[in-house]
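Reading through the structure tokens given below for one structure.
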Amino acid sequence: AQTVTQSQPEMSVQEAETVTLSCTYDTSESDYYLFWYKQPPSRQMILVIRQEAYKQQNATENRFSVNFQKAAKSFSLKISDSQLGDAAMYFCSIYGGATNKLIFGTGTLLAVQP
Amino acid sequence: DTGVSQNPRHKITKRGQNVTFRCDPISEHNRLYWYRQTLGQGPEFLTYFQNEAQLEKSRLLSDRFSAERPKGSFSTLEIQRTEQGDSAMYLCASSLMLGHQETQYFGPGTRLLVL
């Protein structure tokens, strides 16, 4: 079975600063994908960034980047130059192998202070 | 491409009633997923379709739940004899499966409250 653990229920960051959200996972699969999704209050889940496990290079999407440590099964999300619109619940998830579904962590609620 | 849409956005019902939710995926997406999300938790998988075939169902999906995707386009999720424990956000996601790769795109969800 695949599991995802997000150990930070809440985080806070000042506008324009950088914040890192942690995620660890467990899987026995060799071929899998990792995702960060963002869910603003009362709004729909939006894909932030995706990482293929077979790629050593860390994925980046504008102000969002990941630190993928495959041996440690760690997949953290770094948000640079934080903006008020980044305030949301962030979910880490894993997909792949025999599991044709996303497995999610419990989420990290990010607050951005002006 | 207008994204995944779900209707209704909110539903309040009395215990014991039946409810049906609809999901319209992104056009040409061959996979469609249903997830359930309770307050403070991440979404949990319920079931998924590849085209019109329902390929997997979670143990969370009791026999009161049924899902269909009759023509491989939109999907419906029906809950019969609703219980208070069914209160949750029901999320739909769609994807285009190419080889082993897919990315799921979510709809806005249907929030169900069972009184």
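The values are calculated or read from the model by the stated rules, or taken from the named source; none is laboratory data. Computed from a predicted structure; not experimentally measured. For neighbour counting, all protein chains shown are included, and Cβ atoms are generated from backbone atoms with ideal geometry for every residue, glycine included. Protein only, heavy atoms only, side chains kept; ligands, DNA and RNA dropped before computing areas. Shrake-Rupley method; radii C 1.70, N 1.55, O 1.52, S 1.80 Å.
State whether one or more residues within region A:47-59 are touching a residue at least 60 places away in the same chain (Cβ under 8 Å), out of contact with any Asp or Glu (no Cβ under 7 Å at 6 or more places or on another chain) and surrounded by 17 or more Cβ atoms within 10 Å (Cβ to Cβ).
no
Of the conditions (1) under 23 Å from A:GLN51 (Cβ atoms); (2) assigned to a loop (DSSP other than H, G, I, E, B); (3) modelled with pLDDT of 90 or more, B:THR103 satisfies every one except a single condition; which number is it?
The number of the failed condition is (3).
Can you name the residue in region B:51-66 that is closer than 14 Å to B:THR76 by Cα and part of a strand (DSSP E or B) and is also most open to solvent (accessible area, probe 1.4 Å) among such residues?
Looking at the filtered set, the residue picked out is B:GLN54.
Taking region B:83-113, which residues are β-branched (Val, Ile, Thr) and over 17 Å from A:ARG43 (Cβ atoms)?
Correct list: B:THR103 only.
Please go through region B:94-115 and give me each residue that is more than 8 Å from every other protein chain (Cβ to nearest Cβ) and touching a strand residue (DSSP E or B) at 6+ places or on another chain (Cβ under 7 Å), ordered by number.
Answer for region B:94-115, where residues must be more than 8 Å from every other protein chain (Cβ to nearest Cβ) and touching a strand residue (DSSP E or B) at 6+ places or on another chain (Cβ under 7 Å): B:SER94, B:SER95, B:MET97, B:THR110, B:ARG111, B:LEU112, B:LEU113, B:VAL114, B:LEU115.
In region A:74-114, how many residues are free of Cβ contacts under 8 Å to residues at least 24 places away in the same chain and either under 16 Å from B:GLN37 (Cα atoms) or buried (at least 21 other Cβ atoms within 10 Å of the Cβ) (or both)?
Selection size over region A:74-114: 1.
If you go through region B:67-87, how many residues are at negative phi and open to solvent by 10 Å² or more (accessible area, probe 1.4 Å)?
Residues flagged as at negative phi and open to solvent by 10 Å² or more (accessible area, probe 1.4 Å) within region B:67-87 amount to 13.
Show the residue pairs that are 6+ apart or on different chains and have beta-carbon atoms under 8 Å apart, the first residue being within region B:51-71 and more than 15 Å from B:THR20 (Cα to Cα), the second being assigned to a loop (DSSP other than H, G, I, E, B) and open to solvent by less than 70 Å² (accessible area, probe 1.4 Å).
Close Cβ pairs satisfying both conditions: B:ASN51/B:ASN30; B:ASN51/B:ARG69; B:ASN51/B:GLY72; B:GLU52/B:ARG69; B:GLU52/B:GLY72; B:GLN54/B:ARG69.
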